[in-house]
Amino acid sequence: RTLGISGHGPWREKLVKAAGREYHLDNVEHDIIRKQFKEPRIHFALVCAAVSCPPLRSEAYTGAKLDAQLADQSQLFLRQSPAQNRVDVPNRTVYGSMIFESYQEDFGGTDAASGKYIAQFYPPGPERQLLESGAFTLAEGDPTGEASEEGVERPTDSEDDEMMPGGGDSDTATPGNR
């Protein structure tokens, strides 16, 4: 099967079959995972193959290990991806992945709330104190300009969206970067 026939890459092709229905990846992410589970750590587990995305995990996520896997993946992305995420205490700036802008509502709705969310992944110290204080500027990651967005772009329109079980539809949240 050729991906991207519709011009939207794999995000709008119906690649997932479950319970006798077919879904595209945007349906699965926005209408099932985000809407039903309300778990912000999934943003560190879902990968679109772009430089700004979290690294691909070398194992499948499984129910029995999911909480530990999400914790580990969050720690890996937030603490070990300095081109995307880092805390610059002297300049009171938190550099964060585009994920924090695109899905800000999932992290509390404000820059300060996003900082408090990120703080849980830092040990006690100046970085954590700054994150918990909310007294910082949240800037997009990669302050050096070395990384570039080379991954697959996701569509931003609501074309081909369908209603999902539970009443959600995909045109409510489809950032164009993941």
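The values are calculated or read from the model by the stated rules, or taken from the named source; none is laboratory data. Note that the structure is a prediction, hence the values are computed from the model and not measured. Here the Cβ is made from the backbone with ideal geometry for all residues, glycine too, and neighbour counts use every protein chain on show. Just so you know, the surface numbers come from the protein's heavy atoms only, side chains and all, with ligands and any DNA or RNA stripped out. Shrake-Rupley method; radii C 1.70, N 1.55, O 1.52, S 1.80 Å.
Sorting 58-67, 22-31 by their mean Cβ neighbour count within 10 Å, with the most densely packed peptide first, gives 22-31, 58-67. Extension gain GLU105-ALA139, at 0.36 nm per residue separation less the Cα-Cα distance, in nm? Separation in residues times 0.36 nm, less the Cα-Cα distance, equals 10.6 nm. Stretching the chain fully between LYS65 and LEU15 yields a gain of 15.5 nm (0.36 nm per residue, less the alpha carbon separation). Report the FRET efficiency, 1/(1 + (r/R0)^6), for GLU22 and VAL51, where r is their Cβ-Cβ distance and R0 is 22 Å, rounded to 0.05. The pair GLU22/VAL51 has a calculated efficiency of 0.15. A simple rule links phi to the HN-Hα coupling: the Karplus curve 6.51 cos²θ - 1.76 cosθ + 1.60 with θ = phi - 60°, which for segment 126-140 gives x, 5, 5, 4, 5, 4, 5, 6, x, 8, 8, 9, 8, 10, 5 Hz, with x for Gly and Pro. Amide H contacts under 5 Å for GLN84: ASP142, restricted to partners 5 or more places along the chain or on a different chain, H placed in the peptide plane at 1.01 Å from N.
Near the amide H of ALA139, within less than 5 Å, lie the amide hydrogens of VAL94, TYR95, GLY96, all on another chain or at least 5 residues away, with H placed in the peptide plane.
Here segment 34-114 exposes an accessible surface that is 54 percent carbon and sulfur, computed with a 1.4 Å probe and the other protein chains kept in place.
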